[in-house]
Structures are given as structure tokens and as C-alpha cells.
1. Is it the case that S125 is surrounded by fewer than 18 Cβ atoms within 10 Å (Cβ to Cβ) and polar (S, T, N, Q)?
2. How many residues are among the hydrophobic types (A, V, I, L, M, F, W, C) and either within 30 Å of L181 (Cβ to Cβ) or touching an Asp or Glu at 6+ places or on another chain (Cβ under 6 Å) (or both) when one looks only at the stretch 24-75?
3. How many residues does the stretch 47-65 contain that are assigned to a helix (DSSP H, G or I), within 18 Å of the chain's Cα centre (by Cα) and without any contact (Cβ under 8 Å) to a residue 60 or more places away in the chain?
4. All but one of (1) outside any helix (DSSP H, G or I); (2) more than 23 Å from S18 (Cα to Cα) hold for W117; state the number of the condition that does not hold.
5. Select from the stretch 80-100 the residues that are surrounded by 15 or more Cβ atoms within 10 Å (Cβ to Cβ) and either farther than 18 Å from E135 by Cβ or basic (K, R) (or both) and list them in ascending order.
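The values are calculated or read from the model by the stated rules, or taken from the named source; none is laboratory data. Here the structure is a predicted model, which is why all the values come from computation and not from measurement. Because the Cβ atoms are built from the backbone with ideal geometry, glycine has one as well, and the counts that use them run over all protein chains shown.
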Amino acid sequence: MSESKIFGIGFHKTGLTSLGEAFEMLGYKTCHKAKPVRDKLGQAEMMDLLHANDLEPIFEIAMAFEAFQDNPWFNLYKQLDEQFPNSKFVLTLRDETSWIKSVVSHFGTTQRHFRKWVYGSDLGSPAGNEEKYLERYRQHNSDVIKHFASRSGQLLVVNWKEVDGWEQLCAFLHKPIPKELFPHLNRNRGKLGFKKKIKRWVKSFLK
């Protein structure tokens with residue numbers, strides 16, 4: 001049986017970067033997005049495996065990490081649940097009007113392989129496909145909640161806009177709350193950046 005892990009399975013632009021930073025602050029070895037998979041397999045092979053649902057090579061790379069966020073992990077929650085029993089999953093949500101506005105603003109008319117894989121082969125770009133993107137977003141959130149309906153202890157559903165963050169996440173993961181601010185990266189980026197600079201200075205001074 002493979003070891004259990006923690007997966008952030010909310011859609012992009014729902015605070016996944018904040019979640020990944022929080023995982024790091026809690027001491028988890030974190031896989032941010034698909035970079036380790038892409039570095040090991042290459043972009044083309046990675047996408048071929050995802051489209052074919054041939055996930056064993058990706059699972060092997062995942063074994064080196066404890067926590068995950070963003071692509072491709074959120075779109076594989078069923079397979080990950082089966083491969084890594086008793087893992088925990090964090091579904092980050094965002095008001096859908098705010099979400100689609102952010103997605104269109106960030107991605108615009110650009111075409112990306114990951115978005116074609118998530119939304120459909122002809123929907124790489126959110127601009128002009130807003131309603132279809134929203135339908136996929138709603139369906140994902142609904143499907144995740146149904147999938148874990150009888151196992152509420154394995155799923156945390158959270159909207160960072162509505163909560164502090166640490167209290168909910170640490171209670172779910174059975175971790176003590178850190179003294180540092182929760183990394184709402186768009187809300188307190190300056191404070192967090194200053195604290196990180198101080199920590200780096202202290203570390204370098206003590207060497």
C-alpha cells in the first residue's frame with residue numbers, strides 16, 4: 001500500500017499557491033504544480049500519459065513528495081485517492097464570478113495543453129468560453145464533494161476569502177498553528193516577504 005499524502009484539488013485561481021506555501025510552512029515536502037513531472041518526463045510525454053490515463057510514471061514521481069497543489073493533481077483526485085489510500089484532500093473554492101474574471105484576466109486567449117486536458121480539446125483559451133469554463137468548474141467542485149461524501153475526514157472544503165486559513169487547515173491536518181501569518185499571497189504579500197527576508201538574514205548571520 002502506498003503512503004498517504006495531501007492533495008490540493010481546487011481549480012487554478014482558487015488560492016492554490018497560498019495552499020502550497022502553507023504546506024511548506026507546515027513542514028511538508030511539497031510538489032508545486034507539474035514541474036517535477038515535467039522535468040523528469042518532458043512536456044510531451046507527460047501530456048501523452050495524462051491523456052491516456054497511464055499514470056504509473058507520474059505516481060512514481062509523486063512518491064518523492066508529501067503534499068501537492070495545482071496541475072495535474074486537482075484533475076486526478078479519483079485516481080490519487082485510489083493510489084494513495086487514506087490521503088487527505090483540500091478543495092479550495094472561490095466565488096465563481098470572481099473566479100472566472102481572474103481566469104480570463106490571467107490566461108486571456110492563450111492556449112495551453114493543460115487547459116485543453118482539463119476543459120476539452122477545443123477549450124484551451126478561457127476568453128470566449130467563459131460559460132463552458134464555469135460549467136467545468138461547477139462540475140468539478142460538485143463531483144469532488146460527492147466523491148468524499150461518506151468520508152468527510154478526508155476532505156476539507158475551504159474558501160480563503162472567508163476564513164483565516166490556519167485554523168481550518170491545521171485542524172484538518174492535526175498540526176499546530178504556526179506563529180506566522182497564513183500566506184494569503186495577494187492579501188499580505190508584503191508582510192510575508194519582509195518576514196522571509198528577516199529569516200534569510202538571520203540564517204546567513206548564524207552560519
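1. no
2. 11
3. Qualifying residue count for the region: 4.
4. Single failed check for W117: (1).
5. Residues satisfying the conditions are L80, D81, Q83, F84, S87, K88, F89, V90, T92, R94.
Here's the yes/no breakdown for (1) closer than 24 Å to S87 by Cα; (2) modelled with pLDDT of 95 or more; (3) among the hydroxyl-bearing types (S, T, Y):
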position	(1), (2), (3)
G108	no, no, no
G120	no, no, no
A127	no, no, no
H140	yes, yes, no
K161	no, no, no
G165	yes, no, no
N186	no, no, no
K195	no, no, no
